[in-house]
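What follows is a set of notes on a single structure, which appears directly below.
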Amino acid sequence: MNALVVFPITMHNYSFSAPACWLYSKNKDKVKGIYGFELTKELVTEYDFFIIELNWFIQLYEFFLIVNYIKKTNSNAKILFGGLYSALKYQELFVRADVDYYIQGDNEGPIDQLLNDYPIDKIPNLVGRTFSNPIDYVFTEGDYKNLEFDLDWFPSYLKYVSKDASYYMEDKNYDRLYEYNDQYNLPMIITSKGGCMIKHSGCENCMGSKHDVLHKIYNRPPIKMDNEALIGLLKKIEKKFKKASMLVISENNYDFTDQYFDIDMSIEIDSNMSVDSIIKMLHSFPRCIMNVGIYEEGVSGTTIRKDYKHLLEAEDENHKISFFVYNKDTDLIDIPDNRRLYSEDTFPKWAYWDFYQDFDSALRFSKLFYSKVSKQRKFIANQ
C-alpha cells in the first residue's frame, strides 16, 4: 500500500511530532510526506490511502479542512488519523469527521502491517467505524533499540527547516501567538514513551503528567529508555543526520563518559541527572544547546539547583546552557538574564489540559491559530 502522509501546521515552524521520524522509516518507499498547505488535487487523486496527523489540538481546524478536501476530491479515499490529540478524542472525531481508521495505543507494529497490506481485520489496535480490533500490540523497553530514523520520505521537512548552523528559525511574516525558541530539530529522541516519568508538583496542566489517561491510551505505564538504548540510537542518528534533539524526561543518570557523537544537538532536561552527568552529556556533541529545568517544583531543580553555576562554568562558544524558571524563582536563583527561559512563556495556554478536554474550545482556538498563519502556509484548498 502506498500512502500520502499529511501534516497540518504545528506550533513550530514546519515541524511535526517526534514519532513520525521513526514510524515510516522501514517503509519509506511506500509513503510520501507533505504539509497541509502542499496538498493539491493532483496528489489527492494520485493516492487512495491517506494518513493525517492530529497530534496537537491547535491542528484541529486544519485537520477538518484537509479531511473534507480529500473526501470531496477523491471518493475512493480512506483516511487513517493519529497523534496525541487523536488518542484523546478519536471517538468524537469518528462522529464529526469523515475518517475511516485510527490505531489505539502504540502504533509502530500496526503501521508497518497496514503499509504491507495485512488484512484489516488482522491488524492489532486498529479501529474503524464499525469494528475495533484487539489491542494486542504493545511497545516494550526492548523495542527502543530497533527504532530507525529517516526523513527521506518527507523532503518537505528538510526543505523548509533552517539549513544554517543556527537552531533558531526566523520568519518575519509569521504572527506568533507565543514566544518560543525553535531549537528542536528532527530526529528527536524522547527518553520516556507514553508519559513523562518525572512528573512533579507544577505539572498538573501538562499532558505528560496524566498517567491515568495515558495508561488508558497505551494500555501500559510509561516506558523508560535505558542508557544502552540511548547511546545506540545516537550512534544511528549521527550516521545520517547533522542535527538532532533530545528530551530527557526519565529518571536515569545517563552516562556519557567517553562518548562523542558528530551531531549538533539541542537537549531539554527535566530529570534527576547529576551536574557532572549533565556536563558530560553537554560535551558529547560538537555543538550543543541545553535547556535545564531548575524551577522550585522541578525534579532537576531539586538535584542541581544549588550547583547550577557549575553548569554555567562548563559553557564555551559551542556549548550553551539555559534554565527554565518561573518568575518567583528569580528571587532565589541568581541566573543571568540571557540564560533564563521563563516557564510562564514556554508553557502557553494552548498547551493546557483544559483545552485538550473540551473539543469545542480546542476547535475555536485552533481556528484562531490557523487564521494567524501567513497565507504562504495556509491549506491551499482554503485560499
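Just so it is clear, none of the values below were taken in a lab; they were calculated from the coordinates. Keep in mind the model is a prediction, meaning the values are calculated, not measured. Using ideal geometry, Cβ is built from the backbone for each residue, glycine included, and neighbour counts are taken over all protein chains shown.
Of the listed pairs K210/K320; K235/K320; K193/K235; K280/K306; K78/K243; K71/K236, which have alpha-carbon separations greater than 28 Å here? Walk me through the numbers on the way to the answer.
Working: K210/K320 31 Å; K235/K320 22 Å; K193/K235 20 Å; K280/K306 19 Å; K78/K243 35 Å; K71/K236 39 Å.
Going by Cα-Cα distance, K210/K320; K78/K243; K71/K236 fall outside the 28 Å limit.
Of K26/K216; K72/K367; K216/K372, which ones are farther than 25 Å apart at the Cα? Walk me through the numbers before you get to the answer.
Details: K26/K216 28 Å; K72/K367 21 Å; K216/K372 34 Å.
In this structure, K26/K216; K216/K372 exceed 25 Å between Cα atoms.
How would the range 3-157 be classified by its alpha-carbon gyration tensor: rounded, prolate or oblate, with rounded meaning a/c under 1.5 and the a/b versus b/c comparison settling the rest?
Working: a/c = 1.38, a/b = 1.14, b/c = 1.21.
Taking the square roots of the gyration eigenvalues as a ≥ b ≥ c, the range 3-157 is rounded.
At a 10 Å Cβ-Cβ cut-off, how would you order D334, D262, D98, D226, fewest neighbours first? Present the calculation step by step, with values, prior to reporting the outcome.
Working: D334 8, D262 11, D98 14, D226 17.
Least crowded to most crowded, the residues run D334, D262, D98, D226.
Near the amide H of M290, under 5 Å away, which other amide H atoms are found, from residues 5 or more places off or on another chain, if H is placed in the peptide plane?
Hits under the 5 Å cutoff: I267, K320, I321, S322.
How far apart, in nm, are the 7 Å Cα→Cβ label points at I231 and S156?
If labels sit at I231 and S156, their model points lie 3.9 nm apart.
Show the residues, 5+ positions off or on another chain, whose built amide H is closer than 5 Å to the amide H of V31.
A3
Got the relative contact order for the range 3-157 handy, in percent, Cα pairs under 8 Å and 6 or more residues apart? Don't jump to the answer; show the numbers that get you there.
Numbers: 245 pairs, mean separation 41.3, N = 155.
This gives 27 percent for the range 3-157.
Under 1.5 on a/c is rounded, so check that first for the range 73-141, then, if it is not, pick prolate when a/b is larger than b/c and oblate when it is not; a ≥ b ≥ c are the square roots of the alpha carbon gyration tensor eigenvalues.
Numbers: a/c = 1.84, a/b = 1.28, b/c = 1.43.
Since a/c reaches 1.5 but b/c is at least a/b, the shape of the range 73-141 is classed as oblate.
Using a 10 Å cut-off around each Cβ, can you sort D354, D264 from fewest to most neighbouring Cβ atoms?
Numbers: D354 10, D264 20.
The order, fewest Cβ neighbours first, is D354, D264.
Net charge near S322, counting Lys/Arg +1 and Asp/Glu -1 over other residues with Cβ under 9 Å of its Cβ? Could the numbers behind the result be given before it?
Values: positive: K320, R339, R340; negative: none.
Local net charge: +3.
Fewest to most neighbouring Cβ within 10 Å: what's the order for L368, L233, L151? Could the numbers behind the result be given before it?
Details: L368 13, L233 23, L151 20.
The most exposed by this proxy come first: L368, L151, L233.
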